[in-house]
Amino acid sequence: MERKKILNCRIKWLTWFFIIGLFLSGATAIPQLSEVNWLANVFGGDEKSSIIVGWLLRVRYALVQTQAEHPFLFYGTDWLAFGHFVIALVFVGALRDPVRNRWLFDFGLIACVLVIPFAFTFGALRGIPIWWRLIDCSFGVFGFIPLWLCRKWAMELERALLAK
């Protein structure tokens, strides 16, 4: 297979990987209580068994209280999910033409980098444990890798197309 086809194939695969990751990340913002219940069951135990279980039980309590008294607050996380879905759709442009739409990879890389200060700043303001903020930061780190590769390959593909 010629180099241009290989690069295009790699870019498409990783872009799809990123799109699916964004979509799944957004989808997890909707059924929060059932997800926390599931995680609490997976980790088992009580508040004293581990820091993780204690945190999950605290989050579950807050979600139950919020659902009972202020269910409209979940509308914010519904919009968070919507934002993820829309950003995922934008990357279809990179699937169609990764050279012309290389700016999408730049945009995604910037967003991934900004996850880190955002998580540390607002996580601290909201009392989120440091280990959970690190989990949030991992989304930026793991999103950065495929986007960086796609950007690199799109630039290489552009050079190959110009060399014709």
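The values are calculated or read from the model by the stated rules, or taken from the named source; none is laboratory data. Everything quoted here is computed from the prediction, not taken from an experiment. As a convention, Cβ positions derive from the backbone with ideal geometry for all residues, glycine included, and neighbour counts pool all protein chains shown.
How about segment 73-82: which of its residues are surrounded by 13 or more Cβ atoms within 10 Å (Cβ to Cβ) and either under 15 Å from the mean Cα position of the chain (by Cα) or modelled with pLDDT under 95 (or both)? T77, L80, A81, F82, listed by residue number.
Residues in segment 103-134 that are in a helix (DSSP H, G or I), farther than 20 Å from I30 by Cβ and in contact (Cβ under 8 Å) with a residue 40 or more places away in the chain: F105, D106, G108, L109, W131. Every condition in (1) assigned to a loop (DSSP other than H, G, I, E, B); (2) under 30 Å from R159 (Cα atoms) is met by G45 except one, and the failing one is (2).
Out of curiosity, is V42 surrounded by fewer than 13 Cβ atoms within 10 Å (Cβ to Cβ) and not acidic (D, E)?
On the way: surrounded by fewer than 13 Cβ atoms within 10 Å (Cβ to Cβ): yes; not acidic (D, E): yes.
In short, yes.
Taking the criterion of being out of contact with any Phe, Trp or Tyr (no Cβ under 7 Å at 6 or more places or on another chain), under 17 Å from R126 (Cβ atoms) and aliphatic (A, V, I, L, M), the residues of segment 52-74 that qualify are V59, A62, L63, L73.
Just one of R151, R159 is without any contact (Cβ under 8 Å) to a residue 24 or more places away in the chain, of a type in the set (D, E, K, R) and in a helix (DSSP H, G or I); which is it? Can you show your working first?
Values: R151 fails: without any contact (Cβ under 8 Å) to a residue 24 or more places away in the chain.
So the residue among R151, R159 that is without any contact (Cβ under 8 Å) to a residue 24 or more places away in the chain, of a type in the set (D, E, K, R) and in a helix (DSSP H, G or I) is R159.
A single member of A27, A62, A40 is among the aliphatic types (A, V, I, L, M), modelled with pLDDT of 95 or more and farther than 28 Å from I87 by Cα, and it is A62. Out of A94, A68, A111, which single residue is within 12 Å of the chain's Cα centre (by Cα) and among the aliphatic types (A, V, I, L, M)? Unique residue meeting the criteria: A111.
Can you list the helices (runs of 4 or more DSSP H) lying wholly within segment 50-102 that have 1 or more residues being out of contact with any strand residue (DSSP E or B) (no Cβ under 9 Å at 6 or more places or on another chain) and more than 30 Å from R159 (Cβ to Cβ)?
Values: elements: 51-69, 74-90, 92-96.
In segment 50-102, 51-69, 74-90 are the helices (runs of 4 or more DSSP H) which contain 1 or more residues that are out of contact with any strand residue (DSSP E or B) (no Cβ under 9 Å at 6 or more places or on another chain) and more than 30 Å from R159 (Cβ to Cβ).
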